[in-house]
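For reference, the structure I am asking about is given below.
The values are calculated or read from the model by the stated rules, or taken from the named source; none is laboratory data. What you are looking at is a predicted structure, and each value in this text was computed from that prediction instead of being measured. Don't worry about glycine lacking a Cβ; one is built from the backbone with ideal geometry, like all the others, and counts go over all protein chains shown.
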Amino acid sequence: MLGIFPAKAMQRANAFGLAMATVIVVVLASMSSVTWNDMVQGLWPVLLILGVGGAGIIGGGWIASKILKWDPLKGIPVALTALFGFPGDYILCQEISRSVGRDEHEQKAIFDELITPMLVGGFTTVTTASIVVASILVQTI
């Protein structure tokens, strides 16, 4: 990372797993006030939004892949990182490399090929979406 930090510093310090668990706990803790009734009432709107949004993201990922001359089978998942974000995209890259790779060397090669575009795509889409949503909502204040 630009020579500021040593490569894989969190893994070498045995702190990466703790950091991932902390991120997951923070997300789950924010859901502590959600009741069963809230879940039931929000189920259909959430499923509709996920379905329509997912289809739009898949279409946009395919079109962008064609324009950028990138493999759509890699471009579409990168676009879909907007749906599951971090640490979901990191966990997906780990699981894909473990399940597809035949040995540790191949698993590392697959992971290294996937992780950078997935993380950059996830952070970029979430940041861009946050700016767009905030700019719309700030007009309502």
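Can you tell me which condition Pro87 does not meet? The list is (1) of a type outside the set (A, V, I, L, M, F, W, C); (2) closer than 29 Å to Val25 by Cα; (3) free of Cβ contacts under 8 Å to residues at least 60 places away in the same chain, and all the others hold.
Looking at each condition in turn, Pro87 falls short on (3).
Every residue, every condition in (1) over 14 Å from Gly85 (Cα atoms); (2) surrounded by fewer than 12 Cβ atoms within 10 Å (Cβ to Cβ), yes or no:
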position	(1), (2)
Glu104	yes, yes
Gln107	yes, no
Leu114	yes, no
Met118	no, no
Gly122	no, no
Ala129	no, yes
Ile136	yes, yes
Gln139	yes, yes
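Okay, moving on. Go through (1) modelled with pLDDT under 95; (2) within 18 Å of Leu83 (Cβ to Cβ) one by one and return the number of the condition Gly59 breaks.
For Gly59, the exception is condition (1).
Exactly one condition in (1) surrounded by fewer than 15 Cβ atoms within 10 Å (Cβ to Cβ); (2) closer than 20 Å to Gly122 by Cβ; (3) of a type outside the set (Val, Ile, Thr); (4) over 16 Å from the mean Cα position of the chain (by Cα) is false for Glu95; which is it?
(4)
Exactly one of (1) over 26 Å from Val23 (Cα atoms); (2) touching a residue at least 40 places away in the same chain (Cβ under 8 Å) is unmet by Arg102. Its number?
So Arg102 meets the others, but not (2).
So which residues in region 53-84 are in contact (Cβ under 8 Å) with a residue 40 or more places away in the chain and farther than 18 Å from Thr128 by Cβ, if there are any at all? Spell out how you get there, then give the answer.
Taking region 53-84 and keeping what is in contact (Cβ under 8 Å) with a residue 40 or more places away in the chain, we get 74, 77-79, 81-82.
Within region 53-84, Lys74 is the sole residue that qualifies.
May I ask you to list pairs of residues, at least six apart or on different chains, whose Cβ atoms are under 9 Å apart, with the first in region 1-26 being basic (Lys, Arg) and the second being modelled with pLDDT under 80 and surrounded by fewer than 12 Cβ atoms within 10 Å (Cβ to Cβ)?
Arg12/Pro6
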